[in-house]
């Protein structure tokens, strides 16, 4: 009990005393786990949502559509119940391919003649309002979202105004904008949403000779045997009457097309974000090694065993990593429905990270915690207890040429260059991190330079949802990149300032001003950021060429040239904060602390 | 009975031309209840000797017994147990755990030794009362003066009633008034029969001990019993000041 209390106290005490590094550590791990879990949640995510919606709405196994409203079409469709493997069929429904008019103009729609009481196959789930009744329309949720329609609004169909009485989802059709399915001529068509009217209300459309199709829903004895059904059906059906059949896997696949463009963004973005997160974490961990080793020494002096010291260090990192992991998974839970749900027309209660995904990110977070805790623990335990009491940090590297070159430069550059020479690996990491951010910004600017691919729906331009989705994902990934780059710059400057505290204090005793010291620390961040920012532009252009749309502009936009100076300016501003704080520290106090 | 016994103890760093003999064949017996001062110039090896006797550093030669038990060959786990149970350290730089309160610092060794939280709290309250810091129990160490911090360090060193307290320049970072406070505390310990080995380069502080060992270049050059010492420091400081 006493040991548990002790570990708890030490962990809590350290977190209270050093909240900054703890917050940075949590942020870096959070972003990494969120991106990782989101990336791992994508494969099959839309299909899972479709299955969920299909289960909730008694979705059909097959939708068979024949053009027109003829008796022959009806006969061909009803005869499908005789195809081997078919367990049940619905009555024949009618769909009309027309335009609906809203306050914002006219758009294409598939108007479905529905029963006031849905049959056993396809029972659309009303998510808002009520189901169709004579004189009232129900709109597919994704379609309603795109047109900003709500219950109570009015739409005009076939010259008659209908109040919207409900918003619903169904698994019997691909989501907006592919609701047309077979189209008026039997071929594939898209760019329309689904509206349900009471069957009685669609009679006017039939009388007005609006292009239409007949359809039935089929239930198979074995819902998984859709391929077998298609094979038998193709051999048995009358070639004189064209009947298109859409099995549920085909509808599920059509829904997932939305994610096709977004996947490379998330996957490549995930790699880049993970790199930034690891760069930040490793810098943070390196910066904490000296302090944690000293802390381990203090505990050793009062009799803590190596095991207990390892437990204290590990518990702290583990608590932070698990907290960040939980927060990252929560972020994914919130973001995933937005990413994987095409146009809001599927249910999203099961859109979060699955158990195995959560387990994998947790294992990764625990791994990071162990790796971060191992270095100070091993270092502390392999060193004499007395040596670990010294607050001296890891011995710096020394690049002779760089140090000599620094001697020829003004004081801030001299200090900055010598700080870079002390930790060349960190400078390289910072350069790579800045290059990654510049790459992301370049891609974003190139994408933004493309013309908007709005779809003209006959008067109203509804934005290309796929393109919008891709841009939104890209913006989200770049925003996360910039956030991590900010965290990393703060972390790197803070770590450099902390490790070079004694050196800078000595420089102050030799006549350097606080301003020169602060400028030196900021310069140490700017020097590696410069080549990183410049290298990021061609890398971004290459990435855009590799993964971007075919219609992307082939030449770089002029705004790209603003990326390096903007990045350097932001780096300078961010680095200035910890640099100024560090430079204002009392020289005597610093030297006393270092020699204690 | 000797609490500490050291034979032919050596600690060497480097090799050949760069060989440094920090401690070079030292023999020492410290009887129970004795207050021993080790004195000498900077770099003479006195702190290294103290660290070796407390198991903080490993000797390159010789033997050390603590209460009859060999500690120079003990493993890290056994040394940790030794530091918890038998040795209390007081350092020049205090080395308190900065994120813990004064009381929590004093409770630390009791909890490490497996004591219950209640027992640890009771012991800390008693010791802080003894060193005159009961009203500072909830403060963080950095909010205390140097003398107060050193008194917390002494209380922490006594938490598990150690066989010996090893103090490394305990007044090195303190002003005269704070030095006075700490030496009064040591006098109380001595009166209670606590064995104490203190390393110092301050002759006035060394003069408060029962016995003074002088060290130079890693070897003892003088071993003096300070006869007639009363353990009262007021007069001594009056003379010194």
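The values are calculated or read from the model by the stated rules, or taken from the named source; none is laboratory data. Just so we're clear, the structure is a prediction, and the values are computed from it rather than from any experiment. Cβ coordinates were reconstructed from backbone atoms using ideal geometry, including for glycine residues, and neighbour counts include every protein chain displayed.
Close Cβ contacts (under 6 Å, 6 or more residues apart or on different chains) running from residues in the stretch A:1-27 that are facing chain B (nearest Cβ under 9 Å) to residues that are surrounded by fewer than 18 Cβ atoms within 10 Å (Cβ to Cβ) comprise A:2/B:116; A:2/B:117; A:5/B:117. Residues in the stretch A:340-371 that are at pLDDT 75 or above, buried (at least 21 other Cβ atoms within 10 Å of the Cβ) and assigned to a helix (DSSP H, G or I): A:358, A:361, A:365, A:368, A:369.
Among the criteria (1) over 30 Å from residue B:107 (Cα atoms); (2) over 37 Å from the mean Cα position of the chain (by Cα), the one residue A:4 does not fulfil is (1). Taking the stretch B:97-109 as the region of interest, how many residues are within 8 Å of another protein chain (Cβ to nearest Cβ) and within 18 Å of the chain's Cα centre (by Cα)? Total satisfying the criteria: 3.
Could you please let me know if residue B:154 is in a helix (DSSP H, G or I) and either over 15 Å from the mean Cα position of the chain (by Cα) or at pLDDT below 90 (or both)? No: the conditions fail for residue B:154.
Scanning the stretch B:59-70 for residues that are crowded, with 16+ Cβ neighbours inside 10 Å, over 17 Å from the mean Cα position of the chain (by Cα) and within 14 Å of chain A (Cβ to nearest Cβ) gives a single hit, B:59.
Regarding residue B:177, is this residue within 13 Å of chain A (Cβ to nearest Cβ) and touching a helix residue (DSSP H, G or I) at 6+ places or on another chain (Cβ under 8 Å)? No.
Residue count for the stretch B:19-57 under the criterion of being surrounded by 16 or more Cβ atoms within 10 Å (Cβ to Cβ), assigned to a loop (DSSP other than H, G, I, E, B), within 14 Å of chain A (Cβ to nearest Cβ) and touching a residue at least 40 places away in the same chain (Cβ under 8 Å): the result is 3.
If you check B:123, B:156, which single one turns out to be within 29 Å of residue B:209 (Cα to Cα), surrounded by fewer than 24 Cβ atoms within 10 Å (Cβ to Cβ) and within 12 Å of chain A (Cβ to nearest Cβ)?
B:123
When residue A:122 is tested against (1) within 19 Å of residue A:92 (Cα to Cα); (2) under 29 Å from the mean Cα position of the chain (by Cα), only condition (2) is not met. Comparison of B:86, B:93 shows that the only residue that is in contact (Cβ under 8 Å) with a residue 60 or more places away in the chain and within 7 Å of chain A (Cβ to nearest Cβ) is B:93. Of everything in the stretch B:87-105, what is out of contact with any helix residue (DSSP H, G or I) (no Cβ under 6 Å at 6 or more places or on another chain), surrounded by 22 or more Cβ atoms within 10 Å (Cβ to Cβ) and within 17 Å of residue B:200 (Cα to Cα)? Give them in sequence order. The answer is B:91, and nothing else. Scanning the stretch A:275-304 for residues that are within 14 Å of another protein chain (Cβ to nearest Cβ) and more than 30 Å from residue B:162 (Cα to Cα) gives a single hit, A:288. Is at least one residue of the stretch A:70-82 buried (at least 18 other Cβ atoms within 10 Å of the Cβ), outside any helix (DSSP H, G or I) and either out of contact with any helix residue (DSSP H, G or I) (no Cβ under 6 Å at 6 or more places or on another chain) or assigned by TED's automatic domain parsing to the domain that holds residue A:490 (or both)? No, that holds for no residue. Might you check whether a residue that is in a loop (DSSP other than H, G, I, E, B), within 14 Å of chain B (Cβ to nearest Cβ), closer than 30 Å to residue B:89 by Cβ and without any contact (Cβ under 8 Å) to a residue 40 or more places away in the chain occurs anywhere in the stretch A:305-328? Yes: the stretch A:305-328 contains one or more residues that are in a loop (DSSP other than H, G, I, E, B), within 14 Å of chain B (Cβ to nearest Cβ), closer than 30 Å to residue B:89 by Cβ and without any contact (Cβ under 8 Å) to a residue 40 or more places away in the chain.
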